[in-house]
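Below is one structure, written out as structure tokens; the observations come after it.
Every number here is computed from the coordinates shown, using simple stated rules; none is lab data. On a predicted model such as this, the values are computed, not experimentally measured, just so you know. All Cβ positions, glycine included, derive from the backbone under ideal geometry; neighbour counts span all protein chains shown.
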């Protein structure tokens, strides 16, 4: 069966998703149906690989990019205990006119513009999740509720 590959909204993939998708499928089949990040990186090291251009090969830049990813993970993973049964993220990512960054979640929720951004992002994430979960009938009721709330 021919597969039509695409890329998710907001994807950072620069190359043709059809070419990249076929290459990932080729690698997966070559490795008994299981693909790992190590397999993809190893294949991408070859300059003629369709995956090569998706990676930063300058080690200094790659290290810096990795550290930025680690910093984002740290900022996203720290929580605040609001009560015995409720914990929230300490920081929330928002976009400003002159850039983007993390602010206190409580600040984001109390500012109307930032709150609107956070709510929109959560709605988008819920929709993305529901599209993936549609494959599993066990989630049918949850998906119906997400879609019902979206219409409000």
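The modelled label-to-label distance between residue 3 and residue 113, using points 7 Å beyond Cα along the C-beta direction, is 4.2 nm. In the stretch 1-55 the Cα-Cα distances spread across 5 Å bins starting at 0 as 4, 19, 28, 28, 16, 4, 0 percent of all pairs. Estimated from helical segments only, the mean residue ellipticity of the chain at 222 nm is -17000 deg cm²/dmol, where each DSSP H run of four or more residues counts as -39500 (n - 2.57). Quick one: if the Förster radius is 22 Å, what FRET efficiency do residue 89 and residue 127 give, using the C-beta to C-beta distance and rounding to 0.05? For R0 = 22 Å, the calculated efficiency reads 0.60.
For the stretch 79-150, what is the Kirkwood estimate of the hydrodynamic radius, computed as the reciprocal of the mean inverse distance between distinct Cα atoms, to one decimal in Å?
On the way: mean 1/r = 0.0712 Å⁻¹.
Taking every pair of different Cα atoms in the stretch 79-150, averaging 1/r and inverting gives 14.0 Å.
Averaging the sequence gap over all C-alpha pairs within less than 8 Å and six or more residues apart, then dividing by the number of residues, gives the chain a relative contact order of 9 percent.
Site pair residue 19 and residue 146 shows an inter-label distance of 3.3 nm when each label is modelled 7 Å from Cα along Cα→Cβ. In terms of other Cβ atoms within 10 Å, 91, 122 run from fewest to most in the order 122, 91.
Between rounded, prolate and oblate, where does the stretch 1-109 land on the alpha carbon gyration tensor, with a ≥ b ≥ c its root eigenvalues, rounded for a/c under 1.5, else prolate if a/b exceeds b/c? Note, shape of the stretch 1-109 comes out prolate.
Our estimate of slack between residue 36 and residue 11, defined as 0.36 nm per intervening residue step minus the Cα-Cα distance, is 7.1 nm.
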